[in-house]
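Q: The structure follows.
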Amino acid sequence: MSAEQDQILDQVTSNEYKYGFYTDIELETLPKGLSEDIIRMLSAKKKEPEFLLESRLKAFRHWQTMKMPEWSHLKLPEINYQDIIYYAAPKQKAKLKSLNEVDPELLATFEKLGIPLEEQKQLTGVAVDAVMDSVSVKTTFRETLAELGIIFCSFSEAVQEHPDLVQKHMGSVVPYTDNYFAALNSAVFSDGSFCYIPKGVRCPMELSTYFRINAANTGQFERTLIVAEDDSYVSYLEGCTAPQRDENQLHAAIVEIVAMENAEVKYSTVQNWYPGDKNGKGGIYNFVTKRGICKGDNSKISWTQVETGSAITWKYPSCILKGDNTTGEFYSVAVTNNHQQADTGTKMIHIGKNSRSTIISKGISAGQSQNSYRGLVKVLKNAHNVRNFTQCDSLLLGDMCGAHTFPYIEVDNETAIIEHEATTSKIGEDQIFYCNQRGIDTENAIGLIINGYAKEVLNKLPMEFAVEAQKLLQISLEGSVG
Amino acid sequence: MLNIKNLHVAIEGKEILKGIDLTVKLGEIHAIMGPNGSGKSTLAAVLAGRDLYEVTEGEVTFEGEDLLELSPEDRARKGIFLGFQYPVEIPGVSMVNFMKTAINEQRKFNNLQPISATDFLKLMREKKEVVEITSNLTNRSVNEGFSGGEKKKNEIFQMAMLDPKLAILDETDSGLDIDALRIVANGVNKLRREDNATIVITHYQRLLEHIIPDYVHVLYRGKIVKSSGKELALELEEKGYDWLKEE
Ligand SMILES: Nc1ncnc2c1ncn2[C@@H]1O[C@H](COP(=O)(O)OP(=O)(O)OP(=O)(O)O)[C@@H](O)[C@H]1O
Ligand SMILES: [Mg+2]
């Protein structure tokens, strides 16, 4: 590549995080550190039922026996779990009925992100459950949903108002024994979202949450549970950006999805947490366990994700295809830049007969980043006629980044048809020049080419999210020049 | 409008163009012919601003301005269009999106508002007719999976959309069947005006039966060894290039 293009590439790929700011909201916090006492205090503060405290303590005891996992392609820093605050809630008195009652500072924050709640609400018909630091601040469209019997609220509220549902499903997909971070989350999770679609109901609007990590030193341990009963449908959106911060922040969330017979759940994520500065300092560590189970026959779970943020991402949204004729899908775009590291992919566990899965993964690496796809397709003995199609593409910008692909295939039933395709490409300078020659500068050319490359995945996102995601891809790889 | 003086160009230290002089005026069509490897595409690429090539000597002005100082995108926005000999594929980027971006960049450069969706669609429809594109090529990704001929047609379509002042067509005729050749030539002729100019690079005089050039130049080993009227093309077809060696 020519010197000038190198320079431009360098410029656009070393763009610093655009959404750096944080809001000054009074916090009510527990002291730093992790112990049974802290967990008891946390649980008491949240007025939790006994079963939940017990399950937290069980998870904590188990976690203490575990070791932080090691992975070949992630360089993990030492994390001091005693230096983290496990509970911080924005101080707010009563429940709020309208946006006017929301802390103006908070609204301003959303404004800066270009996500004015009010507009979102009116223009897109999206019910927004805004989660800011651990505690749900605002829930909208609750009544409309309630009429259909749909429950969409913060996890804490669900614990208070629907403890039976929580007790029945929580941990049924991701048990606390699953992995180190799942155990940690199960012990100390603060809040998150809960969504319940009753039998036969199609949720008429996209359900959406915006998560933000905001308070200094507040590890964030979200917990999301989505339950779709027989013949129901829901599309759920999760999106986030975080303020620029200097110290590393840990994020270890759990998302569980249960899809019963004929149910369909679409889960879309646009993730843009602070990735650290150009030199790799700061940034969020994102260790998430996301898993769905297609429990009933003919059910379907579809994960779509656009990952641009975080210093370190470790994330494998997975599907357990338990019922017969079930479908699991995973569509992912993961961008890494500067010193970011991402190890992401999916697991498709085929248990039911005629179960199908599709995996489309698009990695884009720039700067000195490392981008890995790690995927498991597992077919159990009694799962007849399973089909899987996996396509795994990597796009490199520049010569200093890395892309890696680790497909694992374990098949115990010979009727399975498993297809795997993988490509690695570079943005060609002839492509860039072609755009230049049509009057499109190099920066926009890269944006155009990247969005083209990721199109298959972006197309799976709900409309309003797709636009946001496109912008995000451009922003995360380009400077704000001009 | 275009003035090339004593242009020397090298790639990786190897001199490819060895002193080109060429003047193109408004309303003119120039044909450049010459054997393989003589430097025709190099000349076209240098005019378009490809920085793979190093200009070691000489100057180029476009409408009185030093062309070599401008970035490739600014040259394009000022009205220089290159029809590529080998158009590249850009997977996933729709022609519609690509053209809209290109047109809006040009408009922004000229301090105009972005084109409205309806105007754009109208323009597309109009220009598709110029190159007789009936299929839905424009709904597909840029050049992706296009046949050789379709790619060339697509270049002329883009030219029609962008309405350049100076179009440089690098072997736009090669790989075209007889009908496509006529269509492409017609397209060029329809776009021809008193306030623009065209340079066609070709190996075949049959194109020049459709697009009548004012001048024909022969590029040979990095130099223009002969310039004359349209009859030169016929002569070349008959005799090949060897006889020029002696001259
Ligand atoms: N990127 C490059 N690297 C090295 N040599 C090059 C490069 N581009 C062109 N050349 C050389 O420069 C010379 C001129 O090439 P150019 O493509 O301009 O020829 P041309 O006249 O267009 O030929 P053709 O009729 O085959 O299209 C050739 O010898 C070619 O090998
Ligand atoms: Mg050539």
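Q: What number goes with the only condition from (1) touching a residue at least 60 places away in the same chain (Cβ under 8 Å); (2) under 24 Å from B:F62 (Cβ atoms) that B:N189 does not pass?
A: (1)
Q: I've got another one for you. Hey, B:P87 hits all of (1) free of Cβ contacts under 8 Å to residues at least 24 places away in the same chain; (2) within 16 Å of ligand 2 (Cβ to nearest atom) but one; which does it fall short on?
A: Of the numbered conditions (1) free of Cβ contacts under 8 Å to residues at least 24 places away in the same chain; (2) within 16 Å of ligand 2 (Cβ to nearest atom), the odd one out for B:P87 is (1).
Q: Listed residues B:L169, B:L219, B:L207, B:L176; which is within 14 Å of chain A (Cβ to nearest Cβ) and within 16 Å of ligand 2 (Cβ to nearest atom)?
A: Unique residue meeting the criteria: B:L169.
Q: Another question, if that's okay. Please determine, by comparing only the residues of the range A:441-457 that are among the acidic types (D, E) and at the interface with chain B (Cβ under 9 Å from one of its Cβ atoms), which one is farthest from the chain's Cα centre (by Cα).
A: A:D441
Q: Could you count how many residues in the range B:1-55 are within 14 Å of chain A (Cβ to nearest Cβ) and away from ligand 1 (no atom under 13 Å from the Cβ)?
A: 2
Q: Is it the case that some residue within the range B:184-200 is surrounded by 22 or more Cβ atoms within 10 Å (Cβ to Cβ), within 16 Å of ligand 2 (Cβ to nearest atom) and either away from every other protein chain (no Cβ under 14 Å) or not β-branched (V, I, T) (or both)? Outline the logic, then answer.
A: Restricting attention to the range B:184-200, the residues satisfying the condition of being surrounded by 22 or more Cβ atoms within 10 Å (Cβ to Cβ) are B:184-185, B:187-188, B:197-200.
Add one more test, that the residue is within 16 Å of ligand 2 (Cβ to nearest atom), and what stays is B:199-200.
Next, from what is left, pick out any that are either away from every other protein chain (no Cβ under 14 Å) or not β-branched (V, I, T) (or both): B:199-200.
Yes, the conditions are met somewhere in the range B:184-200.
Q: Under 8 Å between Cβ atoms, which residue pairs at least 6 apart in sequence (or on different chains) link something in the range B:24-44 that is on the phi > 0 side of the Ramachandran plot with a partner that is within 8 Å of ligand 2 (Cβ to nearest atom)?
A: B:G34/B:K40
Q: Under the condition of being away from ligand 2 (no atom under 16 Å from the Cβ) and farther than 30 Å from B:K190 by Cβ, which residue from the range B:15-54 is modelled with the lowest pLDDT?
A: Only one residue tops the list, namely B:D51.
Q: Taking into account only those residues within the range B:56-73 that are surrounded by 17 or more Cβ atoms within 10 Å (Cβ to Cβ) and at the interface with another protein chain (Cβ under 10 Å from one of its Cβ atoms), which is nearest to A:G439 (Cα to Cα)?
A: B:E73
Q: Quick one: B:V188 ticks every box in (1) within 28 Å of A:Y453 (Cα to Cα); (2) at pLDDT 85 or above except a single one, so which number is it?
A: Status for B:V188: all satisfied but (1).
Q: Name the residue that is nearest to the other protein chains (Cβ to nearest Cβ), counting only residues in the range A:426-440 that are touching a residue at least 12 places away in the same chain (Cβ under 8 Å) and surrounded by 21 or more Cβ atoms within 10 Å (Cβ to Cβ).
A: Among them, the one singled out is A:Q431.
The values are calculated or read from the model by the stated rules, or taken from the named source; none is laboratory data. Only a predicted model underlies this, so the values are computations on that prediction, with no experimental measurement involved. So basically every Cβ, Gly included, is an ideal-geometry build from the backbone, and we count neighbours across all protein chains shown.
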